[in-house]
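These notes concern the structure reproduced below.
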Amino acid sequence: MEGTASIELYGMRTGNCFRAAIALEEAGIPYLARWYDPRKPGDDEASYLRLNPTGKVPTLVDHGATGGPFVLTQSNAIVLYAGERAPDRLFSEDSLTGRARVFERFFYFVTDVIAPSHAGFYLRSQNEPRAVNLLTERSLTAIENAERFLSVGLFMAGDSFSIADIAALTIVGAMKNELPWNRLSALKRWFSMVQERPAIKRGAAAFNAPV
Ligand SMILES: N[C@@H](CCC(=O)N[C@@H](CS)C(=O)NCC(=O)O)C(=O)O
């Protein structure tokens, strides 16, 4: 999102970076997407490592934060930061229990779906096919089990869009070719619906024309 951006988001075209960009878009927070590829860091490497010593993406820098520039280096922390700034848009419910449900579903996707999938991605590079298959199956089963969330509400945590949908969207998108869509009618309906959201389209394209 263009505008008076005091926020820079460094990243590239990966699920973790999309999640961060989509959260900023859905929250209506202006930011500047800055391309950084950890595998081809070039001359920017030293300055990037000062921001994020792991060398990974995404990294958010909020130049307008109280007390000076504020740096965040975990995609899901960036999602929560965006949510804190626009709770009505991203935490969906204002009741204690409604908000707890949003966090339950958000962490379901982060810990039970995204984490095993990322571990599997690493093990693929270590030539561990059996472990990769086990972890991939675990992620896919957890996505299939999310069908029940959608049988009682339009979105992952009820009838309003929330950070739970952002966490779900990026990993369902990444694993879409491996999912048994014929037995996931609610997930199919949800996936088509959320992909049409303008903020999601903008977030998914944030690193298409990098600065
Ligand atoms: N837990 C971190 C993971 C970040 C991460 O692994 N980023 C990948 C791209 S999706 C990366 O930068 N990989 C390059 C590398 O490991 O050198 C997050 O969610 O932000």
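The values are calculated or read from the model by the stated rules, or taken from the named source; none is laboratory data. This is a predicted model, so every value here is computed, not measured. Note that we place each Cβ from the backbone using ideal geometry, even for glycine, and neighbour counts take in every protein chain shown. Ligands, DNA and RNA are stripped out before the accessible areas are found, and what is left, the full protein with its side chains, is counted by its heavy atoms. Shrake-Rupley method; radii C 1.70, N 1.55, O 1.52, S 1.80 Å.
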Picking from THR73, THR59, THR14, which residue would you name as being of a type in the set (S, T, N, Q), closer than 23 Å to ILE166 by Cα and surrounded by 24 or more Cβ atoms within 10 Å (Cβ to Cβ)? THR59
Take the stretch 64-96 and flag every residue that is under 17 Å from GLY11 (Cα atoms), in a loop (DSSP other than H, G, I, E, B) and in contact (Cβ under 8 Å) with a residue 12 or more places away in the chain. THR73
Check whether at least one residue in the stretch 9-19 is free of Cβ contacts under 8 Å to residues at least 60 places away in the same chain and within 16 Å of the ligand (Cβ to nearest atom), and report yes or no. yes
Single residue of PHE107, PHE121 found to be modelled with pLDDT under 95, within 14 Å of the ligand (Cβ to nearest atom) and surrounded by fewer than 19 Cβ atoms within 10 Å (Cβ to Cβ): PHE121
Just name the residue that is nearest to the ligand (Cβ to nearest atom) out of those in the stretch 31-56 that are open to solvent by 60 Å² or more (accessible area, probe 1.4 Å) and under 18 Å from the mean Cα position of the chain (by Cα). LYS56
Single condition ARG130 does not satisfy, out of (1) on the phi < 0 side of the Ramachandran plot; (2) surrounded by 17 or more Cβ atoms within 10 Å (Cβ to Cβ): (2)
Taking the conditions exactly as written (surrounded by fewer than 21 Cβ atoms within 10 Å (Cβ to Cβ), closer than 28 Å to TYR81 by Cα and without any contact (Cβ under 8 Å) to a residue 24 or more places away in the chain), does GLY153 satisfy them or not? yes
